[in-house]
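As structure tokens, the structure follows; a few thoughts come after it.
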Amino acid sequence: SPSRFLAQSVTRALRRDLDIAIIPHPFPASDARVSSEREPRHLVCVGRLQAVKGVLQLVHACHRLWEHGERFRLTMVGGDAPYAPGDTTLGTYLRQRYGRWIDGGRLELVGRVDHDVALQHMRRAAAVVIPSLFENFPNTCLEAMAMGQVVMATHSGGQAEIIGNDGSAGFLFDWERPGDFERQLVRVLDLGEAERRAIGERARARLRAARSQDRSAMRR
């Protein structure tokens, strides 16, 4: 398994102990171009518009903050997907329910784009958010950390294992804790540029350290 989170999820689902080797996805952090184009107070989320990706929770939390006067933008990059409760797509549902924020320039649904274009969106962000309810070991997190971006992500996936819990290389939040996302987002939006760069450098260092450990494990 690429993450302890997924391995533990499997053992819980099967209700039995299993010997599962943890082998994270390799990622060449040194090959990524470091972000230098950040737009202040601009969040970017890259991933399909699916309920399991935490899209509904993310937009609704931002909606509450916008209603209370917080000023920031959210750009969502990724293809649309069916949304069964409304017999529609999730993108259509978001456009119908949160149209005023789209019209006002606070929320943008970009849709599916080429990988290089998605990376360009991530480079321009003040922070990259990964709101998933369940994840494996998302490449989006690795790509964002490799380019020195500040990442906000849920605890529910392998991304938490690479970011860490101390807040030095990114920020974790839990949808099960009311207001946790909002608290972390305000913290991220208030970061100074020097703090932002330091967090990005520590994120890149974590990736390099993880890669070295993976190589050592493979040699053994």
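Throughout, read-outs are computed from the coordinates displayed, never taken from laboratory work. Every value quoted in this text rests on a predicted model; they were computed, and no experiment measured them. A quick note on method: Cβ atoms are made from the backbone with ideal geometry, for glycine too, and the neighbour counts reach across all protein chains shown.
Estimated from helices alone, the mean residue ellipticity of the chain at 222 nm is -13500 deg cm²/dmol (sum of -39500 (n - 2.57) over DSSP H runs with n ≥ 4, per residue). The mean sequence separation of alpha-carbon pairs under 8 Å and at least six residues apart, normalised by the residue count of region 1-140, gives a relative contact order of 35 percent.
Relative to the current alpha-carbon distance between Glu201 and Arg124, full extension at 0.36 nm per residue lengthens the span by 26.1 nm. Normalising the average separation of contacting C-alpha pairs (under 8 angstrom, six or more residues apart) by the number of residues puts the relative contact order of region 94-220 at 21 percent. Assuming charge only on the beta carbon of Lys and Arg (+1) and of Asp and Glu (-1), the dipole of region 27-119 about its Cα centre is about 280 debye to the nearest 20. Listed values [x] 1.08; [y] 0.97; [z] 1.00 include one computed from this model; for Rg/Rh (Cα atoms, Kirkwood Rh) that value carries the label [y]. Enter the Cα centre distance for the pair region 12-26 and region 136-161, rounded to the nearest angstrom. Each part reduced to its Cα centre gives a spacing of 20 Å. Within the chain, the longest segment free of exposed loop sites, counting GluC sites (Glu not before Pro) that fall outside DSSP classes H, G, I, E and B and have at most 14 other Cβ atoms within 10 Å, spans 38-175.
Taking trypsin sites (Lys or Arg not before Pro) across region 44-86, the ones in a DSSP loop with at most 13 further Cβ atoms lying within 10 angstrom of their Cβ are Arg71.
Taken along the Cα-to-beta-carbon direction at a fixed 7 Å, the label points for Val117 and Phe134 span 3.1 nm.
Amide H contacts of Tyr83: Thr88, Thr89, Leu90, each under 5 Å away and 5 or more positions distant or on a separate chain (H built 1.01 Å from N in the peptide plane; Pro and chain starts excluded).
On a per residue basis, the convex hull of the C-alpha atoms belonging to region 1-129 measures out at 145 Å³. For Arg208 and Arg97, the difference between the fully extended length at 0.36 nm per residue and the C-alpha to C-alpha distance is 35.8 nm.
Comparing mean-square fluctuations of Ser132, Ser168, Ser156 from a GNM of the chain with C-alpha springs under 10 Å, the top value falls on Ser168.
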